[in-house]
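Here's the structure we're looking at; comments come further down.
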Amino acid sequence: MKNRFRILLLVLLSFATGTLFADTLNAVVDWNRRVEIGFGMSGQVKAVAVQPGDAVAAGAVLVSLDTALLEIAVRKASNTEAISEAQMERQLAVVEREQTLYDEGSLSAVQLEQVELDLSRTEFALKDAQLEHQRVRHLLELATLRAPFDAWVVDSDFMPGQFVHHQADAPVLMTLAERGRYVAKAEVDGTAVERLTGSPDIEIRLGDRTFEAVQSRIGLEPIADGNEGQRYLLSVQFDSDSLIRPGTSCTVTVP
């Protein structure tokens, strides 16, 4: 009789242990990354390539400004740089010739120093021309808004023909959310924090689909005080190629 009681007790303890070390938590899906992007310069919108709901790849063109004046500035800067390079080559030839005359004793040190000073001025002029060329090319790049990563277009305020001012109090923006990766968020109590931190075996169930956790983390600060003590936010990243709308209910199973 005592042996049967011990066996029954061991079975109950094993079930209890399984309950302690396997939790199913209610959670909601959210974007892993959500950003608002806009232009770093002012100008008139020439074309809008995407609309809310579109899927875009990293580097894809989203919106572009009118760049006619910038293209003229780039060509002008390129011409100035080419002239400065030619002047630099000519001045180098002059210095080389004058150095030969100085070595032969046909040119004074003062005259040689003057030629070398002219070379320094020409060199600085070339560097200024190169920097100006780089500056206007950078402005030309800023006139095109590109996707920083694979994303869903959540919202957009851009319209063809409108003028955007990047330093306005409420600049025109586009909202993007990372495509392919989501995060399931659940609340856990303080007793589970240490056990759940960095757990690689977490599973996310969404309807009849199951996803494996890519990464999990628990917030350092409590987000609420419940009846059983402080509650912390458990965030579990997982991958999915399909669109999952934020706020969708799911469960997080922690073995």
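Rule-based calculations on the coordinates, nothing more; no lab input. This structure is a prediction, so every number in the text was calculated from the model and none was measured. Cβ: placed from backbone, ideal geometry, glycine included. Neighbour counts: every protein chain shown.
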Of the peptides 130-138, 165-173, how do they stack up when ordered by the mean number of other Cβ atoms within 10 Å, highest first?
130-138, 165-173
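Tell me, rounded to the nearest percent, the portion of alpha carbon pairs in the stretch 158-199 spaced more than 14 Å apart.
72
How much mean residue ellipticity at 222 nm does the chain get from its helices, if each DSSP H run of length 4 or more adds -39500 (n - 2.57) and you divide by all residues, to the nearest 500 deg cm²/dmol?
-13000 deg cm²/dmol
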For the chain, would you read off the P(r) tail past 27 Å as a percentage of all alpha carbon pairs?
64
Here the membrane-span-like helices of the chain, with no claim about any membrane, defined by DSSP H, Cα axial extent at least 30 Å and mean Kyte-Doolittle at least -1.0, are 68-103, 109-142
With 0.36 nm assigned to each residue of separation and the Cα-Cα distance removed, His165 to Leu112 gains 13.8 nm
State the three equivalent ellipsoid semi-axes of the stretch 118-255, derived from the C-alpha gyration tensor as the square roots of 5 times its eigenvalues, in descending order and whole Å.
48, 21, 17
Between the stretch 128-155 and the stretch 201-243, the Cα center-to-center distance that results, in Å:
36
Lys and Arg at +1, Asp and Glu at -1: neighbours of Glu123 with Cβ under 14 Å from its Cβ sum to -3
What Kirkwood Rh does the stretch 77-148 have if only Cα atoms enter the pairwise 1/r average? Answer in Å.
14.2
Calc'd 3J(HN,Hα), the stretch 24-30, phi into Karplus 6.51 cos²θ - 1.76 cosθ + 1.60 (θ = phi - 60°), Hz, glycine/Pro = x, comes to 10, 10, 6, 9, 10, 8, 9
